[in-house]
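Q: Quick one: the structure is below, and I'll ask about it shortly.
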Amino acid sequence: MRVLRLALVAGAATLLLFATAAAAADRCAAPIGRVVSVQGSVDLQHEAKHVWQPAALDQGLCVNDLIRVGNRSRAAIVLFNDGVIRIDQNTTLRLARVEAEAPSLLELIFGKVYFFSRRSRALTINTPFVNAAVEGTEFLVAVAADFAQVTVYEGRVSAANERGGLTLTAGQSALARAGEKPVGVLLVRPRNAVQWAVYYPPILFARPSDVPGRAPSWPPALQAAAAAVSRGETEAAFAALDAVPTDERGADYQALAASLLLSVGRLGEAEAAIKRALAIDPKAARAYALRAVVAVVNDAPAAALADAERAVTLAPESAEAALALSYAQQANLRLDAARDTLLKAVADHPTNALAWARLAELWLELGYANRASEAIEMATKLAPHLERVQTIRGFVALTGFRYRAAESAFREAVSLDSASPLARFGLGLATIRAGDLGRGRNDIEVAAGLDPNRSLLRSYLGKAYFAERRETLAGEQYAIAKDLDPRDPTPWLYDAILKQSENRPVEALDDLERSIKLNDNRAVYRSRLLLDQDLASRRSASRESTTTSASTRSE
């Protein structure tokens, strides 16, 4: 096996994560990090014990711990010197040394890791194939049997070995094979390299019961697997699917497998399963519904709407089709239509907690807090142990300024599905609004690490940095958010405020005007009433910026 050494010059500030230190006291005197997400098979081995044990959420990490992530699994850890590391399937990583004031060392034995930190650091990478000096805060490293590859999203990389070298900047990648000099690799869409870290919202739910006289939602052979999928029990779900007899692996089986594969970031395998489902049954509504969700996440709203409408046409009473259609309608800026779709869904499926939670989410986005509260209470009665239920319950509480209740709900959601970026994002917002900016900002950083291609998370992370007076970091996040979703006005507005604070009124005015033009695209997140309020605030800010700009030009 090849070993990739990462020597990191850590930031001076230590994250406010000391609450987890006690949990690791029996393993090491000074924990260097903690586990923040576990999906599937994730094991730890302590240096002194040489025994693999299952990793647990919030478990402390020690120097020289080995982390092993199995097939169709994912994990994320936070280092106390300010670094979020997302770990892909089939990866083994050793935390050789992590210190606040001295170079740190990680050893990537095999697999892929995505490193996300907002503290610029010097990084030395030593492998049998390439030595790299990195000054950056966001990058991906992959080690296979005969090559190593580094892709940088922020910062610079000098990659060299005895045969030559080159310098990389943000958006570039270097590949070094055994016995060859490192070469630049052209990546048309560099962020596609972290598709395995993307989050897909769930639409499949195994109801315990339903309207009297209605047929079961899943065939008997798939009931156990469907229940495990809806609970987020990855290993149990895969095991249950493996136990299904080959002759019973029809279209529903393939759709269920696709849903589970999406939950752990295996997009290619999931798309293959969807294709098999449609080959078995061209009228498989669940397959079209899942394909619509994939299109929504990959920013193809027209394709998403076409597939979702096809799913509803094929299965008018399908809850999964209705949920997919609601996401597709929202992506196409049709919030009222999405709400109506969900009203029908809960009428047809009154015990589907996922549909009730999704309806609460839409009511909240439309500005009806009381109706959102009623819907989420119904969802909570039906399935209090569903991550999505607790997450939306947290946002409803947050809207009502009940910050402690919101924090409690978000923490429960994280414990139910630690891979959900929305739950972690909500926890960050609740913590910030309760008065702890540093800890809340860290939770939003974790959320961005859990779904690095989500524009909205980047905008709010930038806003948190701006509140901490870390203007350079805020500007970086706004730029990333603009690139990830050019239609969203949010980063343009926040960047305008940042530039105004830096006495750059002309640039601020340009960003404000762009934000106003894009304002209606915010309907994917906000209601028409709140849109109007947003537009008013933008115009007010624009007038102020215009006055300042004119004054500056006259001088």
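The values are calculated or read from the model by the stated rules, or taken from the named source; none is laboratory data. No experiment lies behind these values; they were computed from the predicted model shown. For neighbour counting, all protein chains shown are included, and Cβ atoms are generated from backbone atoms with ideal geometry for every residue, glycine included. For the accessible areas, the whole protein counts, side chains as well, though only heavy atoms, and no ligand, DNA or RNA atoms are used. Shrake-Rupley method; radii C 1.70, N 1.55, O 1.52, S 1.80 Å.
Q: Which ³J(HN,Hα) values, rounded to whole Hz and listed in residue order, are derived for segment 359-367 from phi using the Karplus coefficients 6.51, -1.76 and 1.60 in 6.51 cos²θ - 1.76 cosθ + 1.60 with θ = phi - 60°, glycine and proline given as x?
A: Using θ = phi - 60°, the values come out as 4, 4, 4, 5, 4, 5, 5, 8, x Hz.
Q: Taking the radius of gyration and the Kirkwood hydrodynamic radius from Cα positions alone, what is the Rg/Rh ratio for segment 232-373, to two decimal places?
A: 0.99
Q: Here's another thing I want to ask about it. Express in % the proportion of alpha carbon pairs of segment 302-413 at distances exceeding 25 Å.
A: Roughly 20 percent, rounded to a whole number.
Q: Give the accessible surface of segment 398-474 per residue, rounded to a whole number of Å², with probe radius 1.4 Å and ligands, DNA and RNA excluded.
A: Result: 34 Å² per residue.
Q: Please list 3J(HN,Hα) in residue order for segment 313-321, calculated via the Karplus relation 6.51 cos²θ - 1.76 cosθ + 1.60 where θ = phi - 60°; whole Hz, with x for glycine and proline.
A: Values per residue, Gly and Pro as x: 4, 6, 9, x, 9, 7, 5, 5, 5 Hz.
Q: I need the phi-derived Karplus couplings for segment 233-241: 6.51 cos²θ - 1.76 cosθ + 1.60, θ = phi - 60°, integer Hz, Gly and Pro marked x.
A: 8, 4, 4, 5, 5, 5, 5, 5, 5
Q: First select every other residue whose beta carbon is under 9 angstrom from the beta carbon of residue 456; then total the charges, Lys and Arg +1, Asp and Glu -1.
A: Taking every other residue near residue 456 into account, the sum is 0.
Q: Give the distance, in whole Å, between the Cα centre of segment 359-399 and the Cα centre of segment 274-311.
A: Here the two parts' Cα centres lie 26 Å apart.
Q: Oh, and also: Roughly how far apart, in whole Å, are the Cα centres of segment 48-110 and segment 416-483?
A: Each part reduced to its Cα centre gives a spacing of 22 Å.
Q: Using unit Cβ charges (K, R positive; D, E negative) and no other charged atoms, how large, in debye to the nearest 20, is the dipole of segment 185-338 about its Cα centre?
A: Dipole size: approximately 300 debye.
Q: What does the charge add up to near residue 183, with Lys and Arg as +1, Asp and Glu as -1, over the other residues with Cβ less than 12 Å from its Cβ?
A: Computed value for this residue: +2.
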